[in-house]
Amino acid sequence: PYAYNLFRLDTQGGHVTERITGHVLSGIEFPSINTTIDQITYNISSNFDAALTPDGNILFSSVQANGSRAGGKGRVMLCVDNWDGAYPRPIYGNCDEEIGGTCNKSQAKITFGSRKIVYVESPYMNWGVGQLAAVSWDAPYNKTHEKLTKDEGGLYRSPYPLPDDRMLVSYAERGDFGIYWFDCKNGKAGELVHNDPEWNDHQPAPIYIKYKPRWINTFTAGKNFGVTTVTYQPFDQVKVEGYPHSWATWICFDTTLTDLPVGPYPHQRTKATKQGDVKAVRIVEGTQCVESDASRFRAGAGSRLIGGARSSSNSGTAFQQRRIIGYQYVEDDGSVVTSQTADTPYYIQNLDERGMAVQTALAWAYLRPYHGRICSGCHDGSYR
């Protein structure tokens, strides 16, 4: 498949069927070193540039290209997830008011003192260079967004904040990238650290003391595999009899709770709805494109390794292959709960009394085996 997702190397050791979370994860076993590599994200488009946050989450860039979003070109947002891939949630860059003039947000890191997400903003999906910008890690709203670099004509990439509030960055005024200290006060590259004239220098990795972040355990099924235990933290555990280990459960409290306007565009509602108006949800699966002949793609598979418009015809456009998983009845209060196959990219549509879609999700979601997800409604905006 021509989409790049995140994998986790399990340093605890063991086999795929003996996971430390008590459930079965998809993985590749390496018996010679007694460990496995687990796939933790299942986006139809690509996820990339993973980094560990101070609180133990995984911060990464995620291509959002479902449907005709952003004129069919898609966009790259910043996303976080638990270490086992159980709770992906958007942070910044997935909404119209958060895109501005840039559609690519990559190489994000979190500063230590100010707790800002520093990242590279690019005008094109397949660019890995651009200008530096930041948004608050604690309040990732438009009001906390700021441009860190001034419009001086140079290009940046690979920001790397340090505990003493300094930041390394790769910078080129013309074509030769070097490593610099970033001058935060003046918003430009400062003192030169290293520049090999024969090479472009990227991805500085300073050595300093790093403290192990707290352990984020999404849930535990224990050894009770006959009865699946799904934990909706901080709620009580829910036990479901006869539940396949490859399935998972999701709940929406109110499918009519939304701040999206009514309008003609795919990311908008076709009409206003109140509790009782949404009769069912349709769950649609996205299937990966597998093609052995790279010449069939416009610019070759993986041009920028992000599934952008110049990568595969499936991961960066509006034409993903898809099929219907099924339907689920919605209660009169707007709530819905259902179970379905895990590790499967999907999105949902709200249906009215005629079975017509009144609202369609434009982001690929997925569940992990045995896991549970909760949402408050079909809202816009990032996870807070």
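What is the extension gain from L9 to D259, computed as 0.36 nm multiplied by their sequence separation minus the C-alpha to C-alpha distance, in nm to one decimal?
So the extension gain works out to 86.1 nm.
Using a Förster distance of 51 angstrom, determine the FRET efficiency expected from the C-beta separation of R115 and R322, and round it to 0.05.
0.85
Nearest 0.05, what FRET efficiency do T270 and Y141 give at R0 = 22 Å with Cβ-Cβ as r?
The calculated FRET efficiency here is 0.20.
Long-range amide H contacts for R8: which residues qualify at under 5 Å (H placed 1.01 Å from N, peptide plane, sequence gap of 5 or more or a different chain)?
Those qualifying (amide H under 5 Å, at least 5 residues apart or on another chain) are D38, Q39, I40.
Return an integer: the convex hull volume of the alpha-carbon atoms of the stretch 44-194, in Å³ per residue.
Normalising the Cα hull of the stretch 44-194 by residue number yields 118 Å³.
I need the phi-derived Karplus couplings for the stretch 40-53: 6.51 cos²θ - 1.76 cosθ + 1.60, θ = phi - 60°, integer Hz, Gly and Pro marked x.
10, 10, 9, 7, 5, 8, 8, 10, 7, 6, 6, 8, 8, 8
For the stretch 124-191, just list the percent of Cα-Cα distances falling in each 5 Å bin from zero outward, please.
4, 16, 25, 26, 18, 8, 2, 0
Can you figure out the FRET efficiency of I33 with D352, using R₀ = 45 Å and their beta-carbon distance, to the nearest 0.05?
0.25
Each residue of the stretch 126-137 in turn: what ³J(HN,Hα) in whole Hz from Karplus with 6.51, -1.76, 1.60 and θ = phi - 60°, glycine and Pro shown as x?
9, 8, x, 10, x, 10, 8, 9, 8, 9, 5, 5
Laboratory data are not the source of any read-out in this text; all were calculated from the coordinates shown. Given the structure is predicted, the values throughout are model-derived calculations rather than measurements. Quick reminder, even Gly has a Cβ in these numbers, built from the backbone with ideal geometry, and neighbours come from all protein chains shown.
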